[in-house]
Amino acid sequence: MKIFGIPIFPEQASTFAKDVDALYFFIFTVSAFFALAVAVSVIYFGLRYHRNHDGEIGARIEGSLPLELLWSVIPTLIAMVMFGWGASVFYHLRRPPDEAMQIYAVGKQWMWKFQHLEGQREINELHIPAGRPIKITISSEDVLHSLYFPSFRTKMDAIPGRYTELWFEAQAPGTYHIFCTEYCGTNHAGMIGSVTVLDPPQYQAWLQGGGIEGTLAQRGAKLFTSLQCDTCHLDAGQGRGPSLRDIVGTTVTLQDGSTAVVDDAYLRESILNSQAKIVNGFKPLMPTFQGLISEENLIALIEHVKSMSPKGATTAAPAAPPAATGAAPDRPEKK
Amino acid sequence: MLDTLKIPGRHYLNDGHSLRSWLFTKDHKRIAIMYLMSISIMFFIGGMFAVGIRFELATPQGDFVTADTYNKFFTMHGVIMVFFFLIPSIPAVLGNFLIPPMIGAKDLAFPRINLLSLYIFWIGAAFTLYSMVVGGVDTGWTFYTPYSATASNTSVVPTAVGIFIAGFSSILTGLNFIVTIHRMRAPGMTWFRLPLFVWAHYATSLVQVLGTPVIAITLVMLGVERGLGFGIFDAARGGDPVLFQHLFWFYSHPAVYIMILPALGVQSELISTFSRKTIFGYSFVAFSSLAIAVFGFIVWAHHMFVAGISTYAAMVFSFLSFSVAIPSAVKVFNWSATLYKGSVSFDTPMLYAYGFMGLFAIGGLTGLFLATLGLDVHMHDTYFVVAHFHYIMVGGAIMGYLGGLHFWWPKMTGRMYSEFFSRVSAIMVFVGFNVTFFPQFVVGYLGMPRRYHSYPDEMQVLNVMSSAGATVLGLGYVLPVLYFLYSLRRGAVAGPNPWGASGLEWHLQSPPLTENFVEVPEVINEPYEYEHSVVKEKERV
Amino acid sequence: MSNAVAQADHHAHAHHPAQQHHFDTMPQQKEAAVLGMWVFLLTEILFFGGLFAAYMIYRVWYFEAFAEASRRLSLFWGGLNTAVLIGSSLTMAMAVRGAQTNKRTATVNWLILTMILGAVFLGVKVIEYQDKFANYEVPGATYNWMYHDERAAAAGGEHAAPAPGAAHRQLALSPGQLQRTTQIYFSLYFTMTGLHALHMIIGIGLMSVITWMAWQGKFDDQYYTPVEMSGLYWHFVDIVWIFLFPLLYLVERHQ
């Protein structure tokens, strides 16, 4: 939206945008009403009761309990409406639907690296299909970043050592801004890019174009072999490590009797700090990969493990509130 | 009363002229004057960085300074303005000068600790200015880990040490005020006869005493992590960078109230004095200050709605954040109602008070946008936030500070300043401020992130407006320096009570005696009783 | 002055030499000092509170690592220091009592004894810190969790005594993980005990001034506020240790 050629609102390019803007207009209207009410009354009182002569003093009015109650209770009620409405929009923003398409993002000084399941990798550019919910799992290789899509009205911080996520459903094909909104050093302002929303057929065409080294899961499978994960994690289950087939989305019993749901955060932790959670019946033999594997390769490995669970892969979303996905690595479950 | 006014023969300013008589003074008024000079210097240093920022942002490309320099500009602007200007501004200058006379005391409870707090402030400022001279710091005033702990290669530790030290200055001032207000009130000065300025400072002091040590220890943890290689927030060793944010905002959100609460107190005095009317709903205004101070401590995580905290925690903190809005709204309504059937005059301090009402209202109302979860996700860390907190901290706190300074300047110096130029300045500050910061709300909603050295072309018009407004605002801030300095020699003699105000401090001569009161007064009337007050002298010589 | 302000008459009594000009009476001056001190201690509680909050969170997250790392501290030295500090609180209280009852020599002696106990505490702390440095247990680039056990094994050959209780404990954490997360424990250990030690040093400095003032005979039963205030400070520093000792030394020592 533009006024006198100056843009005032970013494009409404996601399904959230209208909800968020509606909320914005509501609060704007309420605020404008109260601001004007105060402005008009103080200006009116100032003129109407302007001092006429030097010795004049004001009337002695100590206050009024009914008025105080009125202007405490009414704003409280209005604030509660704002809170409730805002919370419901937020809840929606934080719950990716199960069928959401998965994309991974890694923040690094000073670029955004995106990985598609199909194998495409992009830097500071992201191509997505319109009309499909998309879930982006975010991590950081160095400091804090924040992945921000103004036209989709959503953002989420990238935090070292954990996964966070956001989702949206883009509606209108077009090209929109990507910003980093968490200050990250010298070239913070250069950590920007563009997201291109394509019609689904065009997106399919885009996926086909360009030579790629297999899907993300295939890349993960290569790593699975080259890092010799496959020597212990045998499919049939006789290996020194648990079989990873059909494991994603299930609940495993750990050595100390507690249980854990196998999701992104669990897999991340189990690779980086393998001894944090030992599945019952196995020995803590696996080396830890903390510091030995990049965030991108980690994503590929996790995607490979997920691909071994065709049923569970789409329901890999954790049971806990998604924003809390970010359990710090190797934090043991309460014993 | 006197027909022609004269500066009294003996007062605190001519009680010793040597440097020593100032540097070793125990007089709260002289300490306040030294604070005034110190923070004014810091204000203009911080302001220079703001000029640099607005200059850079006049064009979308990063062409005025390099990205690294720009990052240092906004960091030093924030550090100096927050820790070395806004936090000490009203409490250390106006509070220090006025609380003892307002409650009928000869000095603060601990005059030596008061002087100590000034020296501590100087030492802290010296560390921070030193770090600036040796290359500056580029972490943002928030010092978020891990950037501040590992990635930044600038002078993080000296700056943090400076802030740590200055924090103790703030703690000691708050401690002094709490004890003074509890123990030094004159006979008859009951709690509900205290001026609202004093109530506001009492609430502020509680926040200073309870909040400041937490940021001090947080900076210690950052310091040992950066300086000694400890790992408290280091994700690679299992630490949590977000814990730093929790600890930081546990102080730094209440710190906003350290900055704004005293301004709310000034505002109550101005509105009452210039409408010659007792404040509407005294106890509601008084307790709303305490409510803001208390609620201020339980809303910190609203700075972290997109920092990976759980959905439900975010909801709780959003809910609590709205609770701060209510006492703030109550204050604004009470001030408006005070004007009803008053005797309103538009002297310069009242112009500031009117400006304050408008800007504080906008600042507070835009806080509602940010407390609303669904909106904050979009607005977090954009220029909307920058505009919001400048409306509170500059539009609110600095307007309050300048209003207070113009109000009590005759008391502090015994002389009046130019009425014409001061009104011009008040209007320039108001207009300049709005032109600077209102466009930032728009550009923020448009998605412009804060701390950006360059930005997309379509946002230029709004940024140019902002930079243009900043020019007017800057000139509006320079003007008072000129006419205040001029007034020291040439200003008309003010007399004890040029405004016809009711507070106890206006019963003193201007400038007051070193000991304020020759005899301890006994207070027998209610606050803001203009019926019994000395009414403004007809001829102000 | 207007009719709004009447003059209260005072100056009816003689001033104590220690009474400052801006106070009306000695009790008012003393009440102000006591209130000021308590507000200051409140500040101190919040100062340490930030560290306790961080400690609490990490202890819940990394309980086993904290328990393991805690075993690297010496119960003997920690226990001894606890006793020393509690003893110094007693001697401090005796010093205040001495000042209250006009016993100048007793006050001075008790104060000196308190300072000696404080110095003993700091000396023990130095021994403990030295041990941590020698065992590469100071977080940072040189941190080495395994060094302690390796050295014990090297020193005792195959007869090296296992860590107390080790036989009963089955560690779920690998050395690699302990290497990482015990650093958080030691970071907090050094920050917390270091700040506590700094408070002790300030306390001893404060007390040497008070001792000198007491020796000069500045205090009597009318005016002993400085002694009482340093006492409050000293007791506060003791209480911080009373929390630090179990939190740092006794994480899981019952096994």
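Listed values, structure above:
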item: Residues that are touching a Leu at 6+ places or on another chain (Cβ under 8 Å) and either of a type in the set (D, E, K, R) or closer than 20 Å to residue B:226 by Cα (or both), drawn from the range C:191-230; result: C:191, C:192, C:193, C:195
item: Condition broken by residue B:312, with the remaining ones in (1) within 11 Å of another protein chain (Cβ to nearest Cβ); (2) in contact with a Leu (Cβ under 9 Å, 6 or more places away or on another chain) satisfied; result: (2)
item: Which listed residue is outside any helix (DSSP H, G or I) and within 24 Å of residue B:374 (Cβ to Cβ), from B:308, B:342, B:296; result: B:308
item: Filter pass, residue B:367 being of a type outside the set (A, V, I, L, M, F, W, C), over 23 Å from residue B:299 (Cβ atoms) and surrounded by fewer than 24 Cβ atoms within 10 Å (Cβ to Cβ); result: no
item: Residues that are hydroxyl-bearing (Ser, Thr, Tyr) and not in a helix (DSSP H, G or I), drawn from the range C:222-245; result: C:223, C:224
item: Qualifying positions in the range B:199-231 - over 30 Å from residue B:503 (Cα atoms), touching a residue at least 12 places away in the same chain (Cβ under 8 Å) and among the aliphatic types (A, V, I, L, M); result: B:214, B:215, B:216, B:217, B:219, B:220, B:221, B:222
item: Filtered residue count, the range B:164-199, keeping only those that are over 23 Å from residue B:270 (Cβ atoms), β-branched (Val, Ile, Thr) and surrounded by 24 or more Cβ atoms within 10 Å (Cβ to Cβ); result: 2
item: Among the candidates B:218, B:212, B:204, B:190, residue that is of a type in the set (Ser, Thr, Tyr), within 23 Å of residue C:30 (Cβ to Cβ) and out of contact with any Cys (no Cβ under 8 Å at 6 or more places or on another chain); result: B:190
item: Residue in the range A:277-300 that is β-branched (Val, Ile, Thr), assigned to a helix (DSSP H, G or I) and touching a residue at least 40 places away in the same chain (Cβ under 8 Å) present; result: yes
item: Enumeration of residues in the range A:25-47 that are in contact (Cβ under 8 Å) with a residue 40 or more places away in the chain and surrounded by fewer than 18 Cβ atoms within 10 Å (Cβ to Cβ); result: A:26, A:30
item: Options A:281, A:291, A:249; residue that is within 26 Å of the chain's Cα centre (by Cα), loosely packed, with under 13 Cβ neighbours inside 10 Å and not β-branched (Val, Ile, Thr); result: A:291
item: Within the range A:2-20, considering residues that are within 10 Å of chain B (Cβ to nearest Cβ) and among the aliphatic types (A, V, I, L, M), the one surrounded by the fewest Cβ atoms within 10 Å (Cβ to Cβ); result: A:3
item: The range A:206-226, subset without any contact (Cβ under 8 Å) to a residue 40 or more places away in the chain and assigned to a loop (DSSP other than H, G, I, E, B), residue surrounded by the most Cβ atoms within 10 Å (Cβ to Cβ); result: A:209
item: Test result for residue B:30, surrounded by 21 or more Cβ atoms within 10 Å (Cβ to Cβ), of a type in the set (Lys, Arg) and under 20 Å from residue B:512 (Cβ atoms); result: yes
item: Qualifying residue in the range A:66-73 (condition: in contact with a strand residue (DSSP E or B) (Cβ under 7 Å, 6 or more places away or on another chain), at pLDDT below 95, more than 7 Å from every other protein chain (Cβ to nearest Cβ) and over 20 Å from residue B:344 (Cβ atoms)); result: no
item: The range A:163-194, residues that are more than 7 Å from chain B (Cβ to nearest Cβ) and assigned to a loop (DSSP other than H, G, I, E, B); result: A:163, A:171, A:172, A:173, A:191, A:192
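Residue by residue, here is whether (1) away from chain A (no Cβ under 14 Å); (2) in contact with a Lys or Arg (Cβ under 9 Å, 6 or more places away or on another chain); (3) closer than 23 Å to residue B:46 by Cβ; (4) surrounded by fewer than 24 Cβ atoms within 10 Å (Cβ to Cβ) holds:
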| position | (1), (2), (3), (4) |
| --- | --- |
| B:420 | yes, no, no, yes |
| B:432 | yes, no, yes, yes |
| B:440 | no, no, yes, no |
| B:459 | no, no, no, yes |
| B:480 | yes, no, yes, yes |
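The values are calculated or read from the model by the stated rules, or taken from the named source; none is laboratory data. Since we're looking at a predicted model, the values are computed, not measured. Every residue, glycine as well, gets a Cβ built from its backbone with ideal geometry; the counts of neighbours run over all protein chains shown.
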